[in-house]
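Beneath this line is the structure, given in structure tokens, with notes to follow.
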Amino acid sequence: MTAWSRFARERLWPTVKPSRAAALREAILANIIWSSSFVLVKLAMAQAGPFTIGGVRYTLGFLILLPILLSRKSRPRLTRRHWLMMLVLGLAGYTAGNSLMYLSLYAINPTTASLILSLIPLPILFMGIFWLRETPGVWQVLGLVVCLSGSLLFLLPAWTPSEPTGLVLCTVGMLCMTLFGLLGRLIARDNQVETLALTALPLGFGGGLLLITALFVEGVPHLALGTWGLLLILGVFNTALAYLIYNHALQTLTALEINILFNLGPLGTALIAWPLLGDQLSGIQWVGMILVIAGIIGVQSGKAGTGFAAKPDAQLVSELDEESSLKPPSA
């Protein structure tokens, strides 16, 4: 076992379900890290194509987590259904979702892309009610309305009629990420697959396929040392670390509660893009960001209504076992 694997397993690897406060801290930290992604990708695209960037980033994240996963004494036992879920997560979140967003950056700026991504809570709200049976409370719905209103105010100054292709690509990518978020929450909430495997395996599937696609479409990359440095940062921090703590937080936070935090992305992206890319913020955008933050606070402060989460965990697992005839994997 390498020193990194031992340190990560003993110090960094979360082994218990987080409290609500801990889950919120993890989700906020993940979104703070991700707020730099669009800017770093935009800089890397000066020398590399979007498929190459995504393929290298996600494959690197998988290779970082793989030794930790293999070094564990009790490895996850996955059924065919679980492997299929890991494949779907990888295809939706990495091969399709993020790569389409990267591709859209040829036509739209990072702030606009981050704003479109922040609209994920809207489909999450409706699909979460029917698929996950997670019903939001009144204050959570009001908080969502305030948050999306702020996002709209933020988006208006950056909206131009000359970028429809980029907007379409980014929107399709956002819908793929919606599937990624819902399925990930379903798996993490019911503890069907442990967090480390839930993070590493989809990265391996999605990143590996994206890297193969990049070699055929964009060819072998010839990158400067600085670009490799950007990809290393994306792979270590924005992928391996951020997705690990995000998936851990998914055990506790509902799909709406955790995905509403994507609205922090435009704030971080805009503040980073301002000095690096020269993207300026208007007064109405600052007002929009204040509303976004107020809406997020409303969602996190409100209580979820009756629904799936109202039942005891043991009863939920029992019902799922009866429906799927599959036992949850041992920890």
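Readers should treat all values here as calculations from the given coordinates under stated rules, not as data from a laboratory. Remember, it's a predicted structure, so these values are computed and weren't measured experimentally. No Cβ is skipped: glycine too gets one built from the backbone with ideal geometry, and neighbour counts run over all protein chains shown.
Summary table below
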| quantity | calculated |
| --- | --- |
| Cα centre as origin, Lys/Arg/Asp/Glu Cβ charges: the range 42-90 dipole, Debye | 340 |
| Dipole axis of the range 18-309 (+1 Lys, Arg; -1 Asp, Glu on Cβ), positive-most option in 298, 183, 217 | 183 |
| For the range 18-309, with +1 on Lys and Arg beta carbons and -1 on Asp and Glu, the positive-most of 76, 109, 168 along the dipole | 76 |
| Options 156, 89, 34, ranked by Cα towards positive dipole end of the range 18-309, top entry (Cβ charges) | 89 |
| Rounded if a/c under 1.5, otherwise prolate or oblate - the range 18-309, Cα gyration tensor axes | oblate |
| Length-normalised contact order of the range 18-309 in % [C-alpha pairs under 8 Å, at least 6 apart] | 43 |
| Protection-proxy order for peptides 232-245, 251-264, 288-301, each taking the mean of Cβ atoms within 10 Å per residue, highest first | 251-264, 232-245, 288-301 |
| Dipole magnitude (debye, nearest 20) for the range 18-309, charges at Cβ of Lys, Arg, Asp, Glu | 880 |
